[in-house]
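J.: Starting off with a structure, shown below.
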Amino acid sequence: MHVILPRPLKIDSDMWVDEAIWGHRLYDEQTPWLCFMEFLNILNAELEAGRAFVEQVDNMLTYNPRSRLYLRNILFNNPRMAVIERQHRNDNRSQWDRWKESMVNSAGITTPNYSYLEERFLSFEDFKEIVDFLSASTIEGENNKRWSSQFVFPFGPDCLYEDLNVRENNNTSQDRRFFARTGELLYLMLSRSGRGDELLSYFKKHILNKDTQFNRLVASLQSPEDVAYSKREGGYLPHLHLPEYEMLAQDWVNLFKCDIPAYDVIPYLINLMGLHMLLYSLNRAKEVLGQDEKTTFVVEIVAPKKTVIRELSADSFSDNHNLSRFAVEHYVRSACDTDEWKAAVQANEISDCRDILKKMFEWPKDNKEKDYDHIESSEELFNTFFENAINRHKQHLNKFHNVWSREIGLSSRRGSRRARYAPQDLLLKSLVLCVVPLRMEFQEFLETLYVKYGLIIGDKQADVYISNGRADQEAFAENAIRLEQRLASMGLLKRLSDACAYVENPFAIQEEG
């Protein structure tokens, strides 16, 4: 067992159960892309404060993200621009005047002043062309999120801002639905990885570079008045040191070392981050349950017809999906094994039982204690708490494995009623770029994927399934052959002879000498 850091003095959640195991917090509605965007906001804010990847006090992260309301109104809350440009074609003065009139009630800005834009663009048409281009680069553009939760692609630091809820009377508040603290956990993990300085050098060069062409385009839309930022207190990560932190950091370093254009590396970073966050969530559940065996994913390389691997992969997915709920059940029931609880039950002291649940799990919150005053037995009190804890877990964290494995292209329901691990090409390419320094023999590649990530593809990694009769060696050998053929079709594998195939990293930088 690893040492658990003290929980925060101030707790704003309904109870301290999921957070005690995984931290505050893993959240299904925050996709890997949005997790990465929240992380970049934190990193950039801490970089500006001169303490990037430096955790001065454990779990006391405080940072100042930007709001950039002028930029966001221009890109995402600007419905009249196209009509005005068309109605007043070839009349630059009228176009600017009518557009500024249409933006007089810009949300979240008390007295908007867009006059600075005319000084930066030769014409309204040029301005509109830039806005159209940047709007089209929206993260997860095919969504129905409100305009204040839309995010431009991270071309540079001027593209970064927090998730906001903009209400009537221009009142704005931070929203925790899409920036739900998962990015804070990611930042804390990397701060504790021991690779912060190395990572920071890559981020400053590739992603947080103010001087790139596209970042300068975004900066041209910013108002000199738009300097507002707010103070945010960060999340809670239970463990000070874990192997998962260093493994994630190392994989990101490996990707940055590839000869990949700055912006093109981001999807690979996100895919590998998502895989590591899944491993983190499953490993923490296994730790609570006292399970020592390796976390694994039986991976089906999709075949034209249904195979036994598909069923095993679906079973593997289901087993992993249920782990978090089992962990919560076990963690909550641990209260009943304490001497304090047993003594309180023996003495029939319901008030002592309430105090124990309050001390261990921060339940119920002070403003909800009266809702449970009618409960007069320890059994009913515990069962009520247990039901509340499980129902709360099912709302979000229990869905994390399902949502994130699908989002990074690890799982799929295609051709089946059950979800199973069936990786998409982008994830496979991400893995090749991450683990193959230049070239690697195919069987070694399969073993590396198993050792690092628990991915079971070939027969040598599937020994437990073969030995217990759930599949034969041929089924997994054919699964590996399908991966070989797929990597070859992607230009990531070459077969030199019948007995020799090599996986190749097309972006590897070959060292001289």
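The values are calculated or read from the model by the stated rules, or taken from the named source; none is laboratory data. Please read all numbers here as calculations on a predicted model, not as lab measurements. For neighbour counting, all protein chains shown are included, and Cβ atoms are generated from backbone atoms with ideal geometry for every residue, glycine included.
J.: Quick check: anything in the stretch 488-510 over 30 Å from the mean Cα position of the chain (by Cα), in a loop (DSSP other than H, G, I, E, B) and under 25 Å from residue 260 (Cα atoms)?
T.: Within the stretch 488-510, one or more residues are over 30 Å from the mean Cα position of the chain (by Cα), in a loop (DSSP other than H, G, I, E, B) and under 25 Å from residue 260 (Cα atoms).
J.: Here is a follow-up. What do you reckon, is residue 280 among the hydroxyl-bearing types (Ser, Thr, Tyr), closer than 20 Å to residue 407 by Cβ and not in a helix (DSSP H, G or I)?
T.: no
J.: Scan the stretch 127-147 and give yes if some residue there is surrounded by 23 or more Cβ atoms within 10 Å (Cβ to Cβ), closer than 25 Å to residue 407 by Cα, among the hydrophobic types (A, V, I, L, M, F, W, C) and touching a helix residue (DSSP H, G or I) at 6+ places or on another chain (Cβ under 9 Å), otherwise no.
T.: no
J.: Could you tell me which numbered condition residue 38 fails, if it satisfies all but one of (1) part of a helix (DSSP H, G or I); (2) over 23 Å from residue 270 (Cα atoms); (3) in contact with a helix residue (DSSP H, G or I) (Cβ under 6 Å, 6 or more places away or on another chain)?
T.: Of (1) part of a helix (DSSP H, G or I); (2) over 23 Å from residue 270 (Cα atoms); (3) in contact with a helix residue (DSSP H, G or I) (Cβ under 6 Å, 6 or more places away or on another chain), only one is false for residue 38: (2).
J.: Here is a further query. Which ones in the stretch 468-480 are closer than 18 Å to residue 443 by Cβ and either of a type in the set (Gly, Ala, Ser) or loosely packed, with under 13 Cβ neighbours inside 10 Å (or both)?
T.: 474, 475, 477, 480
J.: Could you list all residues from the stretch 395-408 that are surrounded by 19 or more Cβ atoms within 10 Å (Cβ to Cβ) and in a loop (DSSP other than H, G, I, E, B)?
T.: Once the filter is applied, which keeps residues that are surrounded by 19 or more Cβ atoms within 10 Å (Cβ to Cβ) and in a loop (DSSP other than H, G, I, E, B), the stretch 395-408 yields only 408.
J.: Working only within the stretch 425-462, note down all residues that are within 21 Å of residue 258 (Cα to Cα) and assigned to a loop (DSSP other than H, G, I, E, B).
T.: Across the stretch 425-462, the qualifying residues are 436, 437, 438.
Residue-wise test of (1) in contact with a Ser or Thr (Cβ under 6 Å, 6 or more places away or on another chain); (2) over 22 Å from residue 406 (Cα atoms); (3) of a type in the set (S, T, N, Q); (4) surrounded by fewer than 22 Cβ atoms within 10 Å (Cβ to Cβ).
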| position | (1), (2), (3), (4) |
| --- | --- |
| 258 | no, yes, no, yes |
| 271 | yes, no, yes, no |
| 298 | yes, no, no, no |
| 303 | no, no, no, yes |
| 313 | no, no, yes, no |
| 321 | no, no, no, yes |
| 326 | no, no, no, yes |
| 333 | no, yes, no, yes |
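J.: What's the number of the condition residue 500 fails, among (1) over 24 Å from residue 409 (Cβ atoms); (2) surrounded by 14 or more Cβ atoms within 10 Å (Cβ to Cβ); (3) touching a residue at least 24 places away in the same chain (Cβ under 8 Å); (4) not charged (D, E, K, R)?
T.: Only one criterion in (1) over 24 Å from residue 409 (Cβ atoms); (2) surrounded by 14 or more Cβ atoms within 10 Å (Cβ to Cβ); (3) touching a residue at least 24 places away in the same chain (Cβ under 8 Å); (4) not charged (D, E, K, R) is unmet by residue 500, namely (2).
J.: Turning to a different aspect of this structure: Considering the stretch 49-75 alone, what residues qualify as being within 23 Å of the chain's Cα centre (by Cα) and not in a loop (DSSP other than H, G, I, E, B)?
T.: Once the filter is applied, which keeps residues that are within 23 Å of the chain's Cα centre (by Cα) and not in a loop (DSSP other than H, G, I, E, B), the stretch 49-75 yields 62, 63, 66, 72.
J.: A further question on this structure: Are any residues in the stretch 221-241 part of a loop (DSSP other than H, G, I, E, B), at pLDDT 90 or above and either surrounded by 16 or more Cβ atoms within 10 Å (Cβ to Cβ) or among the charged types (D, E, K, R) (or both), and if so, which ones?
T.: Of everything in the stretch 221-241, those that are part of a loop (DSSP other than H, G, I, E, B), at pLDDT 90 or above and either surrounded by 16 or more Cβ atoms within 10 Å (Cβ to Cβ) or among the charged types (D, E, K, R) (or both) turn out to be 221, 222, 223, 237, 238.
J.: Which pairs do you get when a residue that is under 11 Å from residue 140 (Cβ atoms), found in the stretch 21-41, comes within reach of a residue that is charged (D, E, K, R), reach meaning Cβ atoms under 9 angstrom, with the pair 6+ apart or on two chains?
T.: 31/140; 31/407; 32/407; 33/140; 33/407; 34/140; 34/163; 37/163
J.: Going residue by residue through the stretch 246-263, is there one that turns out to be under 19 Å from residue 181 (Cβ atoms), within 19 Å of the chain's Cα centre (by Cα) and not in a helix (DSSP H, G or I)?
T.: No - not one qualifying residue is present in the stretch 246-263.
J.: I need the full set of residues from the stretch 30-68 which are on the phi > 0 side of the Ramachandran plot and surrounded by fewer than 18 Cβ atoms within 10 Å (Cβ to Cβ), in order please.
T.: 50
J.: Collect the residues in the stretch 202-217 that are assigned to a helix (DSSP H, G or I) and over 8 Å from residue 155 (Cα atoms), keeping them in residue-number order.
T.: 202, 203, 204, 205, 206, 213, 216, 217
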